[in-house]
Each structure stands twice: as C-alpha cells, then as structure tokens.
Amino acid sequence: FHRDMGELKLKAPLVKGAASVGVISCGGSAGPEGPIAALGAAIGSSFGRLVGLTARERRILLVAGCAAGVGAIFRCPLGGALFAAGILYSEPEFEAESIVPGFVASVMGYSVFMSFWGFGEPLVFRSAVELIPYAMLGLLCGLMAIFFSVCVRTVEHKMVGRSGLPRWLAPALGGLATGGLACLFPQVMDGRYIFVQGAVDGSLFGDS
C-alpha cells in the first residue's frame with residue numbers, strides 16, 4: 001500500500017490461501033483470516049491494474065478487497081471495513097477515503113458469503129443495558145491485546161534475541177513447546193474458535 005502504490009501481486013496470496021486450505025482441511029490449527037485478507041487485497045489491486053486505474057484508486061481498491069474478505073470471514077461488514085482502513089498504519093489513523101468503498105465492498109462480500117452458507121440466527125439486543133458488559137469486554141480485550149503484544153516482543157527481542165541460540169533452534173524449541181501444550185490441552189489445536197467458545201460457555205474441558 002505504501003511502498004508499491006497499491007501494487008499487490010496475486011501469486012503469493014493464492015499460494016498462501018491454498019496452503020491454508022490444506023492445513024485447515026487436515027485438521028491443523030490455522031485461521032483463514034490472514035490469507036483471505038491478503039487475497040481480497042490482491043484481487044482488488046489486480047482489478048485496478050487491469051482496468052488501468054491510477055495509483056490512488058488502486059490503493060483504495062486494495063483496501064476495499066481486504067475489507068470484503070475480512071467482512072465475509074468474520075461475518076461483520078462494519079468490522080471488516082474498519083479493519084481494512086486501519087490496519088495499514090502503525091499509528092491510530094484511518095485511510096479516510098477508503099472507508100466508504102471498504103464498507104460497500106465488505107457488505108457485498110458478507111452478503112455473497114452468507115448467501116452460500118446461510119445467515120443463521122441474528123444477534124439482537126433486547127435492552128440497551130446489554131451494551132454495558134460488551135463495553136467492559138471491549139476494554140478487557142484491548143488490555144489483553146496489549147499484554148499479548150508485549151509478551152511476543154519480550155520473547156522475540158529480549159529472551160530469544162539475547163539467548164545466543166542458533167536461528168534454527170529457537171523455532172524448533174517453540175514448536176516443541178507448542179506440541180507439549182497440545183498434548184496437555186488438545187482443545188487448543190483448533191482453527192474454528194471452538195476453544196474460545198468452550199472457554200466462554202464452560203465446556204472447554206468437556207468432550208469435543
């Protein structure tokens with residue numbers, strides 16, 4: 001988006017998308033969000049290049065394509081649009097010109113996706129009081145996201161970076177630790193958020 005003026009080739013996202021399909025189909029712990037975001041962005045960029053749009057217009061299509069993919073996978077059109085418009089920066093600001101195209105593309109992607117998979121039971125509010133625990137949950141999730149980011153950076157830059165381990169050994173040890181955790185708690189080896197759902201409804205350590 002920044003360095004190549006909206007130019008994003010299809011090859012890498014297609015390969016990663018196919019790899020993710022293979023991992024998920026074999027029961028591996030992988031999510032479709034990253035690949036579909038990259039693939040949607042690449043499709044938007046490629047279409048802009050195909051019809052000869054300007055760099056500015058191509059960048060907007062890149063964001064819109066990303067929004068369409070994320071909005072469909074997460075089944076959240078508004079969230080997909082805001083995610084795509086805000087994920088491009090290290091600072092808290094949005095690509096303002098892309099919000100409306102991103103929202104339209106996200107709604108379209110969501111509608112097409114749900115027309116195949118079904119809309120299911122809608123989430124409804126019965127009282128405005130229900131917004132209070134959601135606001136508290138949003139604050140808690142934000143704090144946990146900051147904590148998670150700090151943990152990742154600490155491990156990568158302070159613990160591993162200063163340990164003097166060979167480059168190949170650090171990921172090997174990480175994989176070994178992940179495998180040990182999976183042996184203790186097989187529920188974590190799931191890419192469909194069943195682990196999270198189980199933690200919410202109390203069935204985390206039940207039969208799955």
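Using the charge dipole of the chain (Lys, Arg: +1 at Cβ; Asp, Glu: -1 at Cβ; taken about the Cα centre), state which of V15, F119, F195 has its Cα farthest towards the positive end.
So the residue we want is V15.
May I ask you to rank L139, L39 by accessible area, largest first, using a 1.4 Å probe over the protein chains only?
L139, L39
Under DSSP H, which helices of the chain have Cα atoms covering 15 Å or more of the helix axis and a Kyte-Doolittle average no less than -1.0?
Within the chain the helices that satisfy the rule are 11-25, 33-50, 55-74, 96-117, 131-153, 169-184.
Accessible surface of V23 in the full protein assembly, 1.4 angstrom probe, to the nearest 10 Å²?
Only protein atoms counted, so the area is about 70 Å².
May I ask for the Kirkwood hydrodynamic radius of segment 135-193, worked out over all distinct Cα pairs and given in angstroms to one decimal?
Hydrodynamic radius (Kirkwood, Cα only) of segment 135-193 equals 13.8 Å.
Just read off the accessible area of C76 with the full protein assembly in place, 1.4 Å probe, to the nearest 10 Å².
Around 60 Å² of this residue is reachable by solvent.
Quick one: how many Å² of F74 are accessible to a 1.4 Å probe, rounded to 10?
Counting only protein heavy atoms, the figure is 110 Å².
Express the relative contact order of segment 32-118 as a whole percentage, based on alpha carbon pairs under 8 Å and six or more residues apart in sequence.
RCO, segment 32-118: 29 percent.
Find, among the trypsin sites (Lys or Arg not before Pro) in segment 96-163, those assigned to loop by DSSP (not H, G, I, E, B) with at most 15 other beta-carbon atoms within 10 angstrom.
Sparse-neighbourhood loop trypsin sites (Lys or Arg not before Pro): R126, R162.
Using +1 at the Cβ of each Lys and Arg and -1 at the Cβ of each Asp and Glu in the chain, identify which of M144, L39, G164 lies farthest towards the dipole's positive end.
It is G164, whose Cα lies furthest towards the positive end.
Helix-only mean residue ellipticity at 222 nm, the chain, DSSP H runs n ≥ 4 weighted -39,500 (n - 2.57), per residue, nearest 500. What is it?
So the calculated ellipticity at 222 nm is -21000 deg cm²/dmol.
What number, in percent, do you get for the relative contact order of the chain if the mean sequence gap of Cα pairs under 8 Å and at least 6 apart is divided by its residue count?
Over the chain, the number comes to 16 percent.
Does the chain come out rounded, prolate or oblate, given a ≥ b ≥ c as the square roots of the eigenvalues of its C-alpha gyration tensor, rounded meaning a/c under 1.5 and, failing that, prolate meaning a/b above b/c?
Since a/c reaches 1.5 but b/c is at least a/b, the shape of the chain is classed as oblate.
The values are calculated or read from the model by the stated rules, or taken from the named source; none is laboratory data. Keep in mind it's a predicted model, so treat the numbers as computed, not measured. Neighbour counts run over all protein chains shown; Cβ positions are idealised from the backbone, glycine included. Just so you know, the surface numbers come from the protein's heavy atoms only, side chains and all, with ligands and any DNA or RNA stripped out. Shrake-Rupley method; radii C 1.70, N 1.55, O 1.52, S 1.80 Å.
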